[in-house]
Amino acid sequence: MSSIAMRVLIRIVRAIGKLFPCKPVIRPPGAVVEDKFLKLCIGCGHCIEACKVYGTGVLTFTSLRDGLKIWRTPKLDVARGFCGISIGVCSPPYPCTSACPTGALKQISSRVKLGSVVWFPERCIAFRGGECFVCVEVCPLNAFSKGSSGPVIDQSRCVGCGHCVRSCPANPKALELRPVGSVRIEDC
Ligand code: SF4
Ligand code: SF4
Ligand code: SF4
């Protein structure tokens, strides 16, 4: 399929998708506010390719299961890895953001926050009395500390990289990354 035909298909699918719910997803650094992001993102995948080559490869395209409205847009997938912002693999200018040809992703110099980690105590090995605290060990920004009944997160330190979520050994995972509190660019 030609790129023009693909763009037309993307527009049609996303327009139909406005009638249906979609899943919350974590966007790359520098994403503009969601409604403008969806207008600007043409689904070219340049950000995803840049992440593979220069970053950690954590980005992938949303699927139809994520929702028609957000189809073929970039999202963080913690099953693939975590964002390199927390360990210095990526710093401004971010590779993904630099690769975006439309301004859906913009370079930012202010603090990046991609989302927030939510803890589910009933799934947590430490909360249930087992040996764990892997999240405390792996967070590069020391956002977790050991509490008396499980890990305690300091959201002001967390940038939403997803390293702890990826590393959590509980099944199902006791941590989830949500786009809550994410810093999105308004000036676009
Ligand atoms: S900042 Fe780096 S690791 Fe994070 S999404 Fe962009 S390219 Fe990938
Ligand atoms: S590079 Fe920009 S326009 Fe292309 S898929 Fe990524 S966010 Fe969308
Ligand atoms: S708490 Fe988790 S998502 Fe937040 S910075 Fe630390 S490892 Fe990354």
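The values are calculated or read from the model by the stated rules, or taken from the named source; none is laboratory data. These numbers were taken from a predicted model, which means no experiment stands behind them. Using ideal geometry, Cβ is built from the backbone for each residue, glycine included, and neighbour counts are taken over all protein chains shown.
Within the stretch 70-94, residues that are on the phi > 0 side of the Ramachandran plot have Cβ atoms under 6 Å from residues that are away from ligand 2 (no atom under 15 Å from the Cβ) in these pairs: G81/T56, counting only partners at least 6 apart in sequence or on another chain. Of the residues I26, I48, the single one that is within 30 Å of N171 (Cβ to Cβ), of a type in the set (V, I, T), modelled with pLDDT of 95 or more and outside any loop (DSSP other than H, G, I, E, B) is I48. Condition check for G43 on (1) part of a helix (DSSP H, G or I); (2) away from ligand 1 (no atom under 16 Å from the Cβ): one failure, at (1). Residue count for the stretch 33-54, restricted to those that are more than 9 Å from ligand 2 (Cβ to nearest atom) and either hydroxyl-bearing (S, T, Y) or within 11 Å of T97 (Cα to Cα) (or both): 2.
Residue count for the stretch 114-144 under the criterion of being in contact with a Pro (Cβ under 7 Å, 6 or more places away or on another chain) and surrounded by fewer than 17 Cβ atoms within 10 Å (Cβ to Cβ): the result is 1.
Answer yes if at least one residue in the stretch 120-132 is of a type outside the set (S, T, N, Q) and within 19 Å of G81 (Cα to Cα), and no otherwise. So far as the stretch 120-132 goes, no, none of its residues is of a type outside the set (S, T, N, Q) and within 19 Å of G81 (Cα to Cα). With respect to the conditions (1) surrounded by 15 or more Cβ atoms within 10 Å (Cβ to Cβ); (2) assigned to a helix (DSSP H, G or I); (3) more than 16 Å from ligand 1 (Cβ to nearest atom), K173 falls short on a single one, namely (2).
Going residue by residue through the stretch 123-131, is there one that turns out to be within 16 Å of ligand 1 (Cβ to nearest atom), out of contact with any Lys or Arg (no Cβ under 7 Å at 6 or more places or on another chain) and in contact (Cβ under 8 Å) with a residue 40 or more places away in the chain? Looking through the stretch 123-131, none of the residues is within 16 Å of ligand 1 (Cβ to nearest atom), out of contact with any Lys or Arg (no Cβ under 7 Å at 6 or more places or on another chain) and in contact (Cβ under 8 Å) with a residue 40 or more places away in the chain.
Taken over the stretch 56-91, the residue count meeting the criterion of being within 13 Å of R27 (Cβ to Cβ) and away from ligand 2 (no atom under 16 Å from the Cβ) is 1. Taking the stated definitions as given, is T97 surrounded by 18 or more Cβ atoms within 10 Å (Cβ to Cβ) and touching a strand residue (DSSP E or B) at 6+ places or on another chain (Cβ under 6 Å)? Considered against the rule, which asks whether it is surrounded by 18 or more Cβ atoms within 10 Å (Cβ to Cβ) and touching a strand residue (DSSP E or B) at 6+ places or on another chain (Cβ under 6 Å), T97 comes out as yes.
Once the stretch 53-89 is narrowed to residues that are small (G, A, S) and within 14 Å of ligand 1 (Cβ to nearest atom), the residue that is surrounded by the fewest Cβ atoms within 10 Å (Cβ to Cβ) is G88. All conditions but one from (1) within 14 Å of ligand 3 (Cβ to nearest atom); (2) surrounded by fewer than 17 Cβ atoms within 10 Å (Cβ to Cβ); (3) of a type in the set (D, E, K, R); (4) modelled with pLDDT of 95 or more apply to R111; the one that does not is (4).
Within the stretch 143-159, being farther than 23 Å from R128 by Cα and in contact with a Lys or Arg (Cβ under 7 Å, 6 or more places away or on another chain) holds for one residue alone: V159. Selection within the stretch 157-183: residues that are farther than 17 Å from C90 by Cβ and out of contact with any helix residue (DSSP H, G or I) (no Cβ under 7 Å at 6 or more places or on another chain). The member of this set that is farthest from ligand 2 (Cβ to nearest atom) is N171. Taking V25 as the residue in question, decide whether it is within 16 Å of ligand 3 (Cβ to nearest atom), at negative phi and among the aliphatic types (A, V, I, L, M). Yes: the conditions hold for V25.
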